[in-house]
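K.L.:
Sharing a structure with you now.
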Amino acid sequence: MATTNATISLSSDIADNTLTVANTSALYTAGTTTGLNTMTSVTKVLESTNNVDLITTGSVSTTHAYVYINNPSTDHTEYFHIHIGNNVGSGTYDDGTLPTEEIGRLYGGDWMWFPWDVDDDITIKPSVSTPMTVEYQVFS
Amino acid sequence: MATTATITLTSADIAGDPVNVSKTATCTKAGTTTDLDQTTGLSRVHLRSTTNKVLLAANAEGNDLAAKVYIINKATDPTLYCTITINAQTIGKLYAGDWMFIPWSQTDTSANIEIAATNWTASTGDIPVEYAVFHEDTDFLTNA
């Protein structure tokens, strides 16, 4: 099995004393020390403000995966809504009745990393209809 | 007053060629290049609840504002995990040593980030979890 590591280095001088965090996790199958063996890397260009599938549960064959999503834009005013749940296309979302939840907004230059239980799709909604590029990787 | 977050993903053998991805984000206020200026600092809790507990309480005032959340499971037993949920929507399981770093929208006051030590038992010991939030909005977290 493969050896894959995910490292985070955080540094913040917001408070009087600098906060520094550095941690590396080895990516294993659920509850084991067996390395993951599957990786998907995708770059997409989105050209509408519809909420659409980014990573579907059907694209992963396990129930435990890790997801990296990057907004490579240098425009800090443009962002992606990143959701977990069913996509709603051009319809209303996050109205409290749909099985979908916005995790957060990924602004230009931002990235996110999280474990995914592969129960629901990860969906995306660009803030503008002009072409926006999103990059993602899934390890499972 | 900068906060930077760097991710590095490496693998020599998950693909035919080595994987080496590195990206640094400077955490800024929503839609601007102005640095975030508030943080909870790094906190640590020991979990033993197998049902969801609120780790971070959402504040509707945080909607449309930037917040970045870092959470790590500091357990050493690889079988121990925490389930991370936002508004009853499960995101995933943080196994021992796993971390996550996400933007947090707080679309409404139901968008709490909750956590459960799902497979905790009296014999496993508590699951230590560390977390930090970097954010804007002066009133954020006043209802935590």
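The values are calculated or read from the model by the stated rules, or taken from the named source; none is laboratory data. Note that the coordinates shown come from a computational prediction; the quantities given were computed from them, not determined experimentally. Every residue, glycine among them, receives a Cβ derived from its backbone with ideal geometry; neighbour counts consider all protein chains shown.
K.L.:
Go through (1) more than 8 Å from every other protein chain (Cβ to nearest Cβ); (2) of a type outside the set (A, V, I, L, M); (3) touching a Gly at 6+ places or on another chain (Cβ under 9 Å) one by one and return the number of the condition B:THR50 breaks.
P.N.:
Condition (3) is where B:THR50 drops out.
K.L.:
Report, by residue number, each residue of the range B:1-37 that is of a type in the set (D, E, K, R), closer than 29 Å to B:ALA75 by Cα and part of a loop (DSSP other than H, G, I, E, B).
P.N.:
B:ASP13
K.L.:
Residue under question is A:VAL67, and the condition is that it be among the hydrophobic types (A, V, I, L, M, F, W, C), assigned by TED's automatic domain parsing to the domain that holds A:TRP113, touching a residue at least 60 places away in the same chain (Cβ under 8 Å) and under 30 Å from B:THR124 (Cα atoms); does it hold?
P.N.:
Working: among the hydrophobic types (A, V, I, L, M, F, W, C): yes; assigned by TED's automatic domain parsing to the domain that holds A:TRP113: yes; touching a residue at least 60 places away in the same chain (Cβ under 8 Å): yes; under 30 Å from B:THR124 (Cα atoms): yes.
Yes; evaluated as a whole, the condition is true for this residue.
K.L.:
List the number of the failed condition for B:THR4; all other conditions in (1) facing chain A (nearest Cβ under 8 Å); (2) under 25 Å from A:ASP110 (Cβ atoms); (3) touching a residue at least 24 places away in the same chain (Cβ under 8 Å) hold.
P.N.:
Going through (1) facing chain A (nearest Cβ under 8 Å); (2) under 25 Å from A:ASP110 (Cβ atoms); (3) touching a residue at least 24 places away in the same chain (Cβ under 8 Å) one by one, B:THR4 breaks only (3).
K.L.:
Would you mind telling me which numbered condition in (1) modelled with pLDDT of 95 or more; (2) on the phi < 0 side of the Ramachandran plot A:TYR93 fails?
P.N.:
Every condition holds for A:TYR93 apart from (1).
K.L.:
Something else: Could you check the range A:1-92 for strands (runs of 3 or more DSSP E) lying wholly inside it with 1 or more residues that are at the interface with chain B (Cβ under 9 Å from one of its Cβ atoms), charged (D, E, K, R) and surrounded by 14 or more Cβ atoms within 10 Å (Cβ to Cβ)?
P.N.:
The strands (runs of 3 or more DSSP E) meeting that bar number zero.
K.L.:
Residues that are touching a residue at least 60 places away in the same chain (Cβ under 8 Å), within 24 Å of A:SER11 (Cα to Cα) and β-branched (Val, Ile, Thr): find the strands (runs of 3 or more DSSP E) completely inside the range B:38-93 holding 2 or more of those.
P.N.:
Values: elements: B:43-47, B:53-56, B:67-73, B:81-86.
The strands (runs of 3 or more DSSP E) meeting that bar are B:67-73.
K.L.:
Here are some conditions: (1) under 24 Å from B:GLU114 (Cα atoms); (2) modelled with pLDDT under 95. B:VAL45 meets all but one. Which one does it not meet?
P.N.:
Failed condition: (2).
K.L.:
Here's another thing I want to ask about it. With the structure loaded, tell me whether A:GLY58 is out of contact with any Gly (no Cβ under 8 Å at 6 or more places or on another chain), small (Gly, Ala, Ser), without any contact (Cβ under 8 Å) to a residue 60 or more places away in the chain and under 26 Å from A:LYS125 (Cβ atoms) or whether it fails that test.
P.N.:
Values: out of contact with any Gly (no Cβ under 8 Å at 6 or more places or on another chain): yes; small (Gly, Ala, Ser): yes; without any contact (Cβ under 8 Å) to a residue 60 or more places away in the chain: yes; under 26 Å from A:LYS125 (Cβ atoms): yes.
Here the answer is yes, as A:GLY58 does meet what is asked.
K.L.:
Same structure again: Those residues that are crowded, with 17+ Cβ neighbours inside 10 Å, closer than 20 Å to B:TYR70 by Cβ and either at pLDDT below 95 or not aliphatic (A, V, I, L, M) (or both), I need them from the range B:7-29; list them, please.
P.N.:
If the condition is that a residue be crowded, with 17+ Cβ neighbours inside 10 Å, closer than 20 Å to B:TYR70 by Cβ and either at pLDDT below 95 or not aliphatic (A, V, I, L, M) (or both), then B:LYS23, B:CYS27, B:THR28, B:LYS29 are the ones that fit.
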